[in-house]
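Dumping the structure here so I can ask a few things about it.
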Amino acid sequence: MALEMRPDGIYYYRARKVGGRVIKTYESAGQAAIVAARIAEQERAARQATQATQRLALAAFDAEEAMLADLCQRTERLAQATLLEAGYRRHDRGGWRRRRGRNDTTD
């Protein structure tokens, strides 16, 4: 988005990429060009503020997700230790099975 000053006046163009090339589109001239440039700048600032807010929310979500993943990992380890202590085993990373021939009654 550009406000261009030429010898014959002020012009406002919007620039966008199409197929890797920059295409400039005429929007307005004179006072209307100045107003259009200000409006475009305000829209750009609002978009950037929204993106910054979204980035902060995503960072907070990622932090909470990391804490939850840590809690799940610790819980899994605790469950495994409890099952091993109770006489269970895992066969080939499958389900937990009680060991044969073990008669522990240590409650």
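Looking at the structure I just gave you, is A57 of a type outside the set (S, T, N, Q), surrounded by 10 or more Cβ atoms within 10 Å (Cβ to Cβ) and at pLDDT 95 or above?
yes
Considering every residue within region 28-40, establish whether at least one is part of a helix (DSSP H, G or I), of a type in the set (D, E, K, R) and at pLDDT 95 or above.
No, every residue in region 28-40 fails to be part of a helix (DSSP H, G or I), of a type in the set (D, E, K, R) and at pLDDT 95 or above.
Answer yes if at least one residue in region 83-106 is in a helix (DSSP H, G or I), surrounded by 10 or more Cβ atoms within 10 Å (Cβ to Cβ) and touching an Asp or Glu at 6+ places or on another chain (Cβ under 9 Å), and no otherwise.
Taking every residue of region 83-106 in turn, none turns out to be in a helix (DSSP H, G or I), surrounded by 10 or more Cβ atoms within 10 Å (Cβ to Cβ) and touching an Asp or Glu at 6+ places or on another chain (Cβ under 9 Å).
Still on this structure, please answer the following. When region 26-51 is examined, which residues are found to be touching a residue at least 12 places away in the same chain (Cβ under 8 Å) and among the small types (G, A, S)?
S28, A29, G30, A32, A33, A36, A37, A40
Right, next: Please go through region 3-25 and pick out each residue that is without any contact (Cβ under 8 Å) to a residue 24 or more places away in the chain and either surrounded by 12 or more Cβ atoms within 10 Å (Cβ to Cβ) or in contact with a His (Cβ under 7 Å, 6 or more places away or on another chain) (or both).
Listed by number, the residues that qualify are E4, Y11, Y13, K24.
The values are calculated or read from the model by the stated rules, or taken from the named source; none is laboratory data. None of these values were measured; they are calculated from a predicted model. Cβ sites come from the backbone with ideal geometry, for glycine too, and all protein chains shown count toward neighbours.
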